[in-house]
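Before any comments, here is the structure.
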Amino acid sequence: MTRIIYNLFYNLFLLKFHSITENNAFLNFENYKIIMKFKRILILSVIVIILNVQPSLGETKMSKVLIIGLDGATFDIILPWVKEGKLPNFEKLINEGSYGNLTSTLPTISPVAWSSFATGVNPGKHGIFGFLTDYESSPVTRIDIKSKSFWEIASENGKRVIIMNAPMTYPPEEINGIIISGYESPEKEIFTYPENLTEELNIKDYKIEALDKRFKPGDEDELLKKLNYTEEKREEIALEIMKNERWDIFVIVFTETDRVQHYFWKYMENKDSKYGDEILKIYQKIDKTIGNFLNETDENTNIIVMSDHGFGPLKGEIYLNNYFMENEMLKFKSPYTYWLIKLGLTQQNLASISEKIQKIPIFGFMNFVLEKIGLNKAGKVTPYLTFDDINFSKTSAYAENFGGGIYLNVKGRDTFGIIDQEEYKKFILTVMKSLSEMKNSKGEKIFKKIYRKEDLYKGPYTDKAPDIIVESEDDGYDTVGWLGYNTLISNDDTKSGNHRKNGIVILWGKNVNKEVIKNANIIDIAPTVLKIVGLKSEEMDGKCLIK
Ligand SMILES: [Zn+2]
């Protein structure tokens, strides 16, 4: 730009000068002095123009983004706390920037939502629909994501990116910057790029996940201690990186909000409980972290605070596979499994029995036995039954582990498919109808909406999506596909908070206008980030949230 202005002025001057010199009538000493003076003035003005234009151009180029991702956060509790002056840094960002609800994906679960966050596309394009790859009990990883993340695009275009603790980033990829993989990374493996950072983080006792075992009543204090520890450690490491590394995009995700809201929601609603303020305390911790990040960043840094989903009270867990089992649509490999479940040898009871056994010192060797029979893997009690126990060649419908995705087992499409294409059209309607009639003990409908995959997704991987996706009434029910339960609705309130479709987004910084954001979706974050750093996002479904 400045070069163009300079050239324009210079050429204009030369043209004039030449036209003057070519005309001999004007070429006397007086005229020459005037011309030279004019040239000096012109050169000086050009220098002034360059000096004025250069810094603002430089600034636009240097815009940076810090994304503070919260796993599960809701304005339902943030805004009242902001009003009461309990979250001063959230208050600053909200008042000086723009904010609004951020609609999550369906299913409203972390792997799906964080994949849409990273890629800016709907699940039909990135191919992640749940925690597991179908038929298998193996978890989905970064390798299964079919679209490019915004940090990949930024890195390819010479931007330096730091991605810290974002779910679905394991195994870490080679990038122009740093990756510290998040949720579902095995801590004992290399979980960083560059690789040697893993050892450094291990020495500093960095932890990926606070909830490192199945939560049960009585674990409250232990979980709180771990949540506080992991949050503080994450902040400490992030500040170190912020100070010592050059970056254009910095993503840091805190999962502590999700865990505390899952297990402490009921206490927040009970004013007399000694745990009543624990969710607030975690938000205040995050608020303090935001303040420390603000002190560390310059005026060129834009901040995005966002969550992958919202939160609210949990009415109960719906064990969809119990329903399919009872209706003979789901069959186990062993004929005894059904009867053992009916007799009360449920997943829940088995897990607590095995945990009790592990605590008896004289039966210490039981750990070894439990490991051998697959009940205890790396110190964790794993579900007694997995998808490996299902006889798929006799199963017509089953539910995914979390989020309300239901698969029908179709001939020609699925490896052990049993429903043929003609039958499928009728069968899907029958299943959808019976799900729509499902009621809780008060006679209220459980599901608000029941979708076919084509209603929700667009793209080449839509075919891999669950055939049916259910959305519960007020999002109050958590629809799970665990095996080995003998009721349809859980009767235990160990988990009392659940995901909601409305998450949060706050935008703050020099590229952001002060306004209320409407109709923002989680797929909008990636194009917004790329726009701030001056890059395009043509392949993405999302829209840009800044002008
Ligand atoms: Zn969660």
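Every read-out reported here was derived from the displayed coordinates using simple, explicitly stated rules and does not represent laboratory data. The structure displayed is predicted, hence computed values, not measured ones. Note that each Cβ is placed from the backbone with ideal geometry, even for glycine, and that neighbours are counted across all protein chains shown.
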Test of the criteria: in segment 179-274, which chymotrypsin sites (Phe, Trp or Tyr not before Pro) are in a DSSP loop and have at most 16 other Cβ atoms within 10 angstrom of their Cβ? 215
Pairs to check: 288/458; 64/148; 315/510; 288/449; 216/281; 92/226. Give those whose C-alpha atoms are more than 32 Å from each other in this structure. 288/458; 315/510; 288/449
Considering the options 170, 131, 157, tell which one lies farthest towards the positive end of the dipole of segment 128-181, charges being +1 on Lys and Arg and -1 on Asp and Glu at the Cβ, about the Cα centre. 157
Looking at segment 282-334, which trypsin sites (Lys or Arg not before Pro) are DSSP coil and have at most 15 other C-beta atoms within 10 Å of their C-beta? 333
Taking the Cα centre of segment 443-494 as origin and charging only Cβ (+1 Lys, Arg; -1 Asp, Glu), how large is the dipole, in debye to the nearest 20? 340
Taking r as the C-beta separation of residue 199 and residue 422 and R0 as 41 Å, the FRET efficiency to the nearest 0.05 is 0.10
Give, rounded to the nearest 20 debye, the magnitude of the charge dipole that segment 195-244 has about its Cα centre when Lys and Arg contribute +1 at Cβ and Asp and Glu contribute -1 at Cβ. 140
Find, among the GluC sites (Glu not before Pro) in segment 79-110, those assigned to loop by DSSP (not H, G, I, E, B) with at most 15 other beta-carbon atoms within 10 angstrom. 84
